[in-house]
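Have a look at the structure below before the remarks.
The values are calculated or read from the model by the stated rules, or taken from the named source; none is laboratory data. In this text, all values refer to a predicted model and were calculated from it rather than measured experimentally. For neighbour counting, all protein chains shown are included, and Cβ atoms are generated from backbone atoms with ideal geometry for every residue, glycine included.
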Amino acid sequence: MALPRGLPDGPHLDDDAVWRMDEDPATVLGSLQQQYGDIFTVHRSGAAPRVVLTSDSHIRELIKRDPDLYACGTSQFAQLVGRQSVNMLSGEPHRRMRQLLLPPLHGHALAGRVPRIRGIMREEFDRLRGADPVPLLQFTSEIALRVTASVLFSPMSAAQVRELCAPLMEIIEGIHQHRSVPPADRSAESVTSAREAFARQRARLDENLSAQVAAHRSNPDSDPASLLGQLLSAPVALTDQQILDQLATMLVAGHLTTASGLAMAAYWMQRPGEHAAAAAAELDALADDHSAADLAALHHVTAFCDEVLRIGSVVPHSSGRRTAGPVRAFGYELPAGTELIVSLHLAHRRPEVYPDPEEFDPRRFVDSPPSATTFVPFGMGVRRCPGAALATLEMKIFLACLRRTPGLELIGADVPFRTVSFGSTLAPPTQIRLRRTV
C-alpha cells in the first residue's frame with residue numbers, strides 16, 4: 001500500500017507569474033495541468049500553498065470533507081463582502097446564514113418574481129432603441145444589477161438602483177484597473193491610492209445599504225418576501241453588520257457572475273450555426289407571459305444554458321477552502337493552512353466526460369443531465385452558490401427577451417470564443433457591443 005506523499009508537485013510563482021495566472025487562468029492552469037497532472041500545488045510568495053483540483057473524484061472527496069474545512073479568500077475579497085459574509089463563515093455559523101439566504105432564492109418565492117424580472121429585462125431592451133451601440137457586458141451588468149436588487153430590496157427604479165450601487169461599481173472598476181497592471185509596474189503611490197479609494201467607496205456602499213435597511217424597518221410590509229425582509233425577520237436577530245455583509249455579498253456575487261453568464265449566452269445565441277437552433281425554437285414558442293414552470297419545461301434551453309456555463313466557466317475556480325490542521329486527502333499529506341480550490345475551467349474540459357470539450361454543443365446535455373461532480377459552474381457542496389436557481393432562471397428569461405426583441409445585432413462577435421479576465425470573473429471579449437436597429 002502506497003504511503004501518502006507531501007504536497008502535490010507544482011510551480012513556485014513570483015508575483016508577476018501569479019498576476020499572469022489571474023489574468024489568463026484558462027491558459028496558465030491548462031499548461032500547469034499538462035505539466036503536473038490533475039492535481040498540483042501553486043506556491044506563491046508570502047501565501048499558503050494552493051492545491052488545485054480538477055477531476056470529479058477530487059470534487060467528490062472535497063464535498064465529503066467540506067464540514068471539516070474553513071472558508072478562505074483574499075483579504076481584499078473579505079473587505080469587499082465583509083467578515084460576516086456567508087462566503088467568509090465556516091461551520092455552524094455558515095450553515096445558519098446560508099439557511100436564511102436560501103428561501104427568497106428558490107421555489108415559490110423565486111417563481112413569483114418572474115414577472116418582475118421579465119419586466120426589468122424588457123425595459124432594458126427597449127432602452128436600446130435609437131441608442132448608440134453599448135458594450136455587451138455593460139448591458140448585461142445593468143440587467144443583472146437590477147434583477148439582483150429586485151430580489152434583495154423593495155421595488156425600485158433603474159435610477160435608484162444605479163444610485164444605490166454606484167460605490168460598488170466604482171470599486172469593481174478600480175479593482176479591474178488595478179489588477180490590469182503587472183505588479184512590477186505598480187508604484188507605491190498607485191497602490192496606496194487604490195486602497196484609499198476602495199475604503200472610501202466601501203464606506204459609501206455601507207451607508208447606502210444602511211439606508212435601505214432603515215427604510216425597510218420603517219415600512220416592513222413593502223416587500224416582506226425580499227431577501228432583506230427575510231434577514232430582518234430572522235428567528236435569531238442579526239446585527240446590522242451581519243445584514244449589511246449579506247447584502248453586499250449578494251450584490252457582488254449575484255451581479256458580476258450573472259452579467260458574464262448573460263453576455264456569454266447572448267454571444268452563443270447570436271452566433272451563426274445550428275448549435276442554438278433547438279433552443280431558439282423553444283424560446284420562440286414560449287408564451288409572452290411565461291411562468292417559471294414554463295421555463296423549467298424548456299429542455300433544449302436548459303441544455304443550452306448548461307453548455308454556456310460549461311464552456312465559459314464565468315468564475316475560474318471554486319470558493320477556496322482551507323485545512324484547519326494536517327490532513328490526509330487526495331492521496332497526499334496536506335499541512336495545516338493548505339488552500340484547496342477546484343479549477344472549474346479544467347473540470348469542465350475533461351475529455352472523458354465532455355468529448356471535444358472546446359466545441360460548443362448543447363446536445364451533450366439534452367439526454368444526459370449533468371452530474372453534481374462534473375458540472376460545477378456554481379461551485380459544490382455546502383459552498384455551492386445559494387443564488388444558482390436565480391441565475392439559471394435569469395438566463396432563460398434573458399434569452400426569451402433576446403429572441404423577442406427585433407433588430408438586435410452583436411458587433412464584434414465574429415471572433416472565436418475566448419474568455420477574458422474581468423475583475424474576479426471571466427467574460428466574453430469586452431469589445432463586443434450590442435445595438436438595436438428598430
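Here is how the numbers come out for the structure above:
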{"item": "Complete set of residues in the stretch 198-249 that are of a type in the set (Ser, Thr, Tyr), under 25 Å from residue 76 (Cβ atoms) and not in a helix (DSSP H, G or I)", "result": "239"}
{"item": "Criterion: at positive phi and within 24 Å of the chain's Cα centre (by Cα) - qualifying residue of 337, 379", "result": "379"}
{"item": "Cβ pairs under 6 Å, 6+ apart, first in the stretch 257-281 and in contact (Cβ under 8 Å) with a residue 60 or more places away in the chain, second part of a loop (DSSP other than H, G, I, E, B) and of a type in the set (Lys, Arg)", "result": "none"}
{"item": "Hits in the stretch 23-48 (condition: within 22 Å of residue 186 (Cβ to Cβ), surrounded by 13 or more Cβ atoms within 10 Å (Cβ to Cβ) and in contact with a helix residue (DSSP H, G or I) (Cβ under 8 Å, 6 or more places away or on another chain))", "result": "23, 25, 28, 42, 44"}
{"item": "Residue that is farthest from residue 154 (Cα to Cα) [pool: residues in the stretch 164-211 that are more than 22 Å from the chain's Cα centre (by Cα) and of a type in the set (Ser, Thr, Tyr)]", "result": "187"}
{"item": "Selection status of residue 100, assigned to a helix (DSSP H, G or I), closer than 24 Å to residue 371 by Cβ, more than 19 Å from the chain's Cα centre (by Cα) and not acidic (Asp, Glu)", "result": "no"}
{"item": "Top-ranked residue of the stretch 285-331 - restricted to ones that are in a strand (DSSP E or B) and not aliphatic (A, V, I, L, M), ranked as surrounded by the most Cβ atoms within 10 Å (Cβ to Cβ)", "result": "321"}
{"item": "Selection count where residues are polar (S, T, N, Q), exposed (fewer than 15 other Cβ atoms within 10 Å of the Cβ) and either touching a Lys or Arg at 6+ places or on another chain (Cβ under 9 Å) or touching a residue at least 40 places away in the same chain (Cβ under 8 Å) (or both), scope the stretch 347-380", "result": "1"}
{"item": "Of all residues in the stretch 404-423 being touching a residue at least 24 places away in the same chain (Cβ under 8 Å) and either in contact with an Asp or Glu (Cβ under 6 Å, 6 or more places away or on another chain) or small (Gly, Ala, Ser) (or both), the one that is surrounded by the fewest Cβ atoms within 10 Å (Cβ to Cβ)", "result": "407"}
{"item": "Total residues in the stretch 103-151, condition in contact with a Gly (Cβ under 6 Å, 6 or more places away or on another chain) and not in a helix (DSSP H, G or I)", "result": "0"}
{"item": "Residues of the stretch 111-160 that turn out to be surrounded by fewer than 21 Cβ atoms within 10 Å (Cβ to Cβ), of a type in the set (S, T, N, Q) and touching a residue at least 60 places away in the same chain (Cβ under 8 Å), as a count", "result": "1"}
{"item": "Leading residue by the ranking (farthest from the chain's Cα centre (by Cα)) among those in the stretch 412-438 that are of a type in the set (D, E, K, R) and assigned to a loop (DSSP other than H, G, I, E, B)", "result": "414"}
{"item": "Among (1) crowded, with 22+ Cβ neighbours inside 10 Å; (2) closer than 30 Å to residue 90 by Cα; (3) at pLDDT 95 or above; (4) not acidic (Asp, Glu), the one test that residue 427 misses", "result": "(3)"}
{"item": "Within the stretch 216-237, considering residues that are farther than 12 Å from residue 103 by Cα and hydroxyl-bearing (Ser, Thr, Tyr), the one surrounded by the fewest Cβ atoms within 10 Å (Cβ to Cβ)", "result": "218"}
{"item": "Check on residue 6, touching a residue at least 12 places away in the same chain (Cβ under 8 Å), surrounded by fewer than 18 Cβ atoms within 10 Å (Cβ to Cβ) and either among the hydroxyl-bearing types (Ser, Thr, Tyr) or within 20 Å of residue 322 (Cα to Cα) (or both)", "result": "yes"}
{"item": "Hey, residue 56 farther than 13 Å from residue 331 by Cβ and surrounded by fewer than 14 Cβ atoms within 10 Å (Cβ to Cβ) or not", "result": "no"}
{"item": "Total residues in the stretch 388-411, condition within 22 Å of the chain's Cα centre (by Cα) and within 17 Å of residue 272 (Cα to Cα)", "result": "2"}
{"item": "Residue that is modelled with pLDDT under 95, under 28 Å from residue 433 (Cβ atoms) and over 20 Å from the mean Cα position of the chain (by Cα), where the choices are 107, 91, 119, 130", "result": "130"}
{"item": "Number of the condition not met by residue 372 [criteria: (1) at pLDDT below 95; (2) within 27 Å of residue 277 (Cβ to Cβ); (3) small (Gly, Ala, Ser)]", "result": "(2)"}
